[in-house]
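> Got a structure for you, questions after.
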Amino acid sequence: MDYLQIYKNQFKTTWEHIKSQTIADLKTAKKNKRNFNKLFNNITTELYNEQKKIVTQFTEENLKVCYELFENRHREYDSNLERYEVISLILGNEVKEEYLRLGKSDYEEFVKKIATQQSIDRIQNHFNNYRPYYELIYLQNKYEYFYAKDFKNGSYETSKEYLEMLDIQYPDRKSEPSLFNLIETESNKKSTENIKDPDTVITTRERLSSEFDVNERAVLFHLLKNRLKLGMLDSTELMKLVLIIGATNKFEIFDVKNASKSYFYKKALKGYTVFTRNDQQKKVASLKTKLENNGLKSIAEELSTDYGDFFKKLK
């Protein structure tokens, strides 16, 4: 039996249902003049609870080990293998063997449940990471841009769709390059003159832009402004932090007449509340890991301490 095809079919069916249902919910809410943030929070919370319910069922049915084998599939096989090849191998071997060892029947139905849970989890994380993108779609009824999946480079912020919607939402944005961009372009040219592989500089900038989303950069700006003592920071870490925060195309604050109309400015003022309440701890933990992976260990510790203080005040 082709378990991979069963998995892919169920994954796609679930994804298509969530996509169409979410579009319908957003359209109805817009017609009734509902608040986007409250609605979107409800959608992502419901998705989170739905996929967690399936995981709980696995535990109750003594299938937790099977689920964990699937979740940790990349530990079992060559990291260079294509995603679906790994899924095909794990479903046809380790997961199936454990399932049968437990004396369970109807393995096909279990594969469908795994696919459903994975599809819900994937799209829920996508919605959380792309919230500003979908807010603009909601405000402008641009549902032809509602893809419900990541762009190829993982970042929506440089997509033509997002930039087009930003120009509509913030008409004070200038279409021509700002002075900051011109200076930055010249600086990048000079910085690559003595490097054998200039693509390295570009790749790093693109990686940072994709790795840290706008909400994470807003939190780092909040941390920089309200907690960090610049004179006591390691210069290398401080420089890295500034570059991470600046790895964005959002320079409209130079162009708008009122700073409050700047998209990033509004995000930065929210601090940790830029993340939804349900996802805050997970998002901050993820951001801390990203900082550590990029060599900003002391700033990662400051983030953890500062968020801990913030969290205590919520209780």
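> A 25 angstrom limit on the alpha carbon distance is what I want to check against. Which of Lys112/Lys149; Lys19/Lys313; Lys52/Lys160; Lys53/Lys297 exceed it?
Numbers: Lys112/Lys149 20 Å; Lys19/Lys313 37 Å; Lys52/Lys160 35 Å; Lys53/Lys297 36 Å.
Pairs exceeding the cut-off: Lys19/Lys313; Lys52/Lys160; Lys53/Lys297.
> Let me ask something additional. Tell me, what is the percent relative contact order of segment 3-129, built from C-alpha pairs under 8 Å that lie six or more residues apart?
Details: 85 pairs, mean separation 62.4, N = 127.
It comes to 49 percent, rounded to a whole number.
> With a 10 Å radius around each residue's Cβ, average the other Cβ atoms per peptide and rank 114-122, 87-95, highest first.
Numbers: 114-122: 21.7, 87-95: 20.0.
Descending packing order for the listed peptides: 114-122, 87-95.
> What's the ranking of 211-221, 281-291 by average number of surrounding C-beta atoms within 10 Å, highest first? Can you show the working numbers first?
Working: 211-221: 22.0, 281-291: 17.3.
Ranked from most to least packed, the peptides come out as 211-221, 281-291.
A short reminder: the numbers here are calculations on the coordinates, not readings from a lab. Being a predicted model, the structure only gives us computed values, none of them experimental. Glycine also receives a Cβ, built like all others from the backbone with ideal geometry; neighbour counts cover every protein chain displayed.
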